[in-house]
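Asker: This is the structure I want to talk about, given as C-alpha cells.
Taken together, the values in this text are just the output of simple stated rules run on the coordinates, not laboratory data. Quick caveat, the model's predicted, so the values are computed rather than measured.
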Amino acid sequence: MTTEYTTRITEAVVDSFDGTADPRLRELLAALTRHLHAFVREAEPTMTEWEQAIAFLTATGRACTDTRQEFVLLSDVLGISMLVETINSEGRGGRDERDERDEGEGKEERGESEGPDGVTESTVLGPFHMTESPVRELGADIDLVGGGEPCVISGRVLSRDGTALPGAVLDVWQADAEGYYDVQQPDVQPPGNGRGLFTADADGRFWFRTCVPSPYPIPTDGPVGDLLRATSRHPYRPAHIHFIVSAKGHTPVTTHIFVAGSDHLDSDAVFAVKESLVQDFTETDDPSLAQRFGIPNPFRHARFDLVLGPGDSSATDGSERS
Ligand code: BEZ
Ligand code: FE
C-alpha cells in the first residue's frame, strides 16, 4: 500500500543527507535509503518480521570475531560480494583494445582464464586469506601434510598483449584434501599449509605442487548457516584454489582456478564461478615431466595462464621482496 506519507518520507530522509560534506557518501546514503524504502513498500514486513530481521543482523554482528567475519559471509551468500567484485573489475582490460594473439594454440589447451575484457576474470576473495602466505620457491609443494592426490599447477602471468610479466607475484591459498583451511584447524594443520607466495620467473612462468582440492562447506555454525537451512540451500563451494596476482604497472587480480568436473560448479554457495576460471586437472602419465616437477608419475596437471590489465604502476612485483 502506497500512501502520500510512505512516498514523502523517502525524499525527507534523502534530503536529510543534503549537508553531507563528502558527495560520494551523500550519493551512497541516498541510494541506500531509496532502495531500502522500496523494499519495505514492496514486502510490507510486519512488526514481528522486522524485529526478526533486526535480531538476525544483531546475531550476525555478535558472531564476528578477529578470525571470523559473519557479515562478509552474509554478503557472500547473498551474492553481494560477487556483484561488488565484478562491477569493480569490469573494464580493467579495455575491451575495445583487445589484442589478437596466440594463434594456433587453443584456449583450453593453454589453460587461459580470460573474460570478455581479455584479462583474467576476478572472483570472490573469501574469508580465509587472513594470514600472510609463506614465501616459497617455484616448484615447492604447498601441501605440507601430503594428504591428497598430488598435482602440479603451472602457467604464465602475461600482459594483455601477450608480453610475459617476470617478477609477477602470485599469492596462493587453498583448503586441504578434506576441505579445511589451515586457519580452521590450528591444532591439526601446520600454519601455512596450502599457502604459498611465488614469484614468476624471467618468462613470467610459475609452477608449484599441491593436492587436488575438494569441495567444502562454508561455515554454517552461525546465523548465515541458519539462513541457508531456513531456505533449504546447501553450503558447498566447488573445488578451487585462490590466487591474488600482481605485477608492476598492472591491475592485480583476485581470482580462483576451479577444478573441472567438481561437484557444485553450478550451485556455488557464494555464486563465484565464472566459466573462464574452470580448468581441467588432467591425469598426466609422463615420467620425464613428472621428474622435472619432482612429483610421482602419473600426476594431475592443471594449466592456468593469468592475464593482467594495465594499471597502477606502484603495484608490487617480486623485485621488491627480500
Ligand atoms: C572461500 O572460498 O574461501 C570462501 C568464499 C566465500 C565464503 C566462504 C569461503
Ligand atoms: Fe576457498
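Asker: Using the alpha-carbon atoms, what tilt in degrees (0 to 90, nearest 10) does helix 23-43 show relative to the longest principal axis of the chain?
Answerer: On a 0 to 90 degree scale, this one is about 70.
Asker: HN-Hα J couplings of the stretch 288-294 from phi, Karplus 6.51/-1.76/1.60, θ = phi - 60°, integer Hz, Gly and Pro as x?
Answerer: These are the phi-based 3J(HN,Hα) values: 6, 5, 4, 5, 4, 7, x Hz.
Asker: Moving to a separate point now. May I have the extent of the alpha carbons of the stretch 1-58 along their three principal axes, as whole Å values ordered from largest to smallest?
Answerer: Computed over the stretch 1-58, the largest-to-smallest principal extents equal 36, 31, 13 Å.
Asker: Can you tell me the 0 to 90 degree angle between the C-alpha axis of helix 47-62 and the longest principal axis of the chain, rounded to 10?
Answerer: Approximately 40 degrees, to the nearest 10.
Asker: As I understand it, the value is the acute angle between the Cα axis of helix 80-89 and the longest principal axis of the Cα atoms of the chain; what does it come to in degrees, rounded to 10?
Answerer: The helix 80-89 is inclined about 60 degrees to the chain.
Asker: May I ask you to derive the relative contact order of the chain, considering only C-alpha pairs under 8 Å and at least 6 residues apart, and to give it as an integer percent?
Answerer: Working: 630 pairs, mean separation 67.4, N = 322.
Worked out over the chain, it gives 21 percent.
Asker: Expressed in whole Å with the largest first, what are the equivalent ellipsoid semi-axes of the stretch 203-322 derived from the C-alpha gyration tensor as the square root of 5 times each eigenvalue?
Answerer: 30, 23, 12
Asker: Return the ratio Rg/(2.2 N^0.38 Å) for the chain, where Rg is computed over Cα atoms only. Before the final figure, lay out the partial values.
Answerer: Working: Rg = 22.6 Å, N = 322, 2.2 N^0.38 = 19.7 Å.
The reported ratio for this selection is 1.14.
Asker: Over what distance in Å are the Cα centres of the stretch 271-313 and the stretch 195-209 separated?
Answerer: 12
Asker: On full extension of the chain, what length is gained from A55 through D161, given 0.36 nm per residue of separation minus the C-alpha to C-alpha distance?
Answerer: 33.0 nm
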